[in-house]
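Scroll down for the structure; my scribbles are underneath it.
The values are calculated or read from the model by the stated rules, or taken from the named source; none is laboratory data. Since the structure is predicted, the reported quantities are computational estimates derived from the model, not experimental observations. All Cβ positions, even for glycine, are placed from backbone atoms using ideal geometry, and neighbour counts span all protein chains on display. For the accessible areas, the whole protein counts, side chains as well, though only heavy atoms, and no ligand, DNA or RNA atoms are used. Shrake-Rupley method; radii C 1.70, N 1.55, O 1.52, S 1.80 Å.
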Amino acid sequence: MAGLGKIDTSQIKNQVYDQCRTMILQGKWPPGSKLPSENQLCVQMGVSRVSVRSALQSLCAQGFIEIRRGEGSFVNNYSLSEQLNMLTPLFALDKDDIMDVLQYRIIIEPNIMPFIVDKITEEEINKLETIYEKMLKYSEGCKQFATLDEQFHFFLVDILSNKVIIKIYKILFEIFNSAWLEISETLGVKDGLHYHKLLIQALRDRNADSAKQLMHEHVQRTVTRMSENFEKKA
């Protein structure tokens, strides 16, 4: 007779966690409110106290709730910005991750350019020009050029004044920071300088279509060249 295997209870805990988290995010358990007791949750969900306690500890560790000894569990005051902070990873990117981030950029960055054209001021265009002039000082891919390149793109996003987009891009650039230098060293500075100059002019001309097309070409060329480089290494 085949030996019996252990029952995986992690799925039960995850289901408890998901349901409780949904109640918080949908506002059914609003900030400051007290959660049902462990016993009540066990009865309502038909699960063991171990599963409930494990799920509550996960919610507490991620900042959704506060567990007060002798009082119970309470929903924390939270904002979307604070929840987005939890997305920041603590690991380096591999080749597939780099390409995934680049593909994300090619989907998003060209499409925000028309909004940037509508909002950008002359002072902000001059700021981009200043970043570009600093980039001209570097004839080869290096850390300083990569930092300025990243600064150029993030400054464009910052112009939108959209807290969600800015926060996501801040996380994205923190993730991508280690790869930005690799891209600069691999591809050199020519493409970056070429497209950044054209983008600045499109912004000065208030030409939304041109700005969108140029950003698409810029990121797409990076995607194509990095993909080719990875294939050669492989």
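Any idea which residue in the stretch 173-196 is nearest to the chain's Cα centre (by Cα), counting only those that are small (G, A, S) and at pLDDT 75 or above? Among those residues, the one meeting the criterion is S184.
Counting only residues that are of a type in the set (V, I, T) and crowded, with 16+ Cβ neighbours inside 10 Å, the stretch 126-149 holds 2 of them. For residues that are out of contact with any strand residue (DSSP E or B) (no Cβ under 7 Å at 6 or more places or on another chain) and open to solvent by 80 Å² or more (accessible area, probe 1.4 Å), scanning just the stretch 63-84, find the one that is modelled with the lowest pLDDT. It comes out as L80.
Using the structure shown, decide if D205 is charged (D, E, K, R) and buried (at least 19 other Cβ atoms within 10 Å of the Cβ).
no
Got a sec? Which of F230, F152 is of a type in the set (F, W, Y) and either at positive phi or modelled with pLDDT of 85 or more (or both)? Answer to the check: F152.
Among the numbered conditions (1) more than 24 Å from Q103 (Cβ to Cβ); (2) under 23 Å from the mean Cα position of the chain (by Cα); (3) not charged (D, E, K, R), the only one that I200 does not meet is (2). A search for C-beta distances below 8 Å between a residue of the stretch 94-107 that is over 17 Å from E182 (Cα atoms) and any residue that is surrounded by 16 or more Cβ atoms within 10 Å (Cβ to Cβ) and not hydrophobic (A, V, I, L, M, F, W, C), counting only pairs 6+ apart in sequence or on different chains, returns I106/H216.
Kindly indicate the residue of the stretch 13-62 that is outside any helix (DSSP H, G or I) and over 24 Å from N77 (Cβ atoms) and also least open to solvent (accessible area, probe 1.4 Å) among those meeting that condition.
V47
Can you work out which of the residues in the stretch 213-234 that are under 16 Å from I116 (Cβ atoms) and surrounded by 19 or more Cβ atoms within 10 Å (Cβ to Cβ) is farthest from the chain's Cα centre (by Cα)? In this case the residue turns out to be L214.
Per-residue answers, yes or no, for (1) farther than 18 Å from I125 by Cβ; (2) without any contact (Cβ under 8 Å) to a residue 60 or more places away in the chain:
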residue: V164; (1), (2): yes, no
residue: K167; (1), (2): yes, no
residue: G188; (1), (2): yes, yes
residue: D205; (1), (2): no, yes
residue: M215; (1), (2): no, no
residue: M226; (1), (2): yes, no
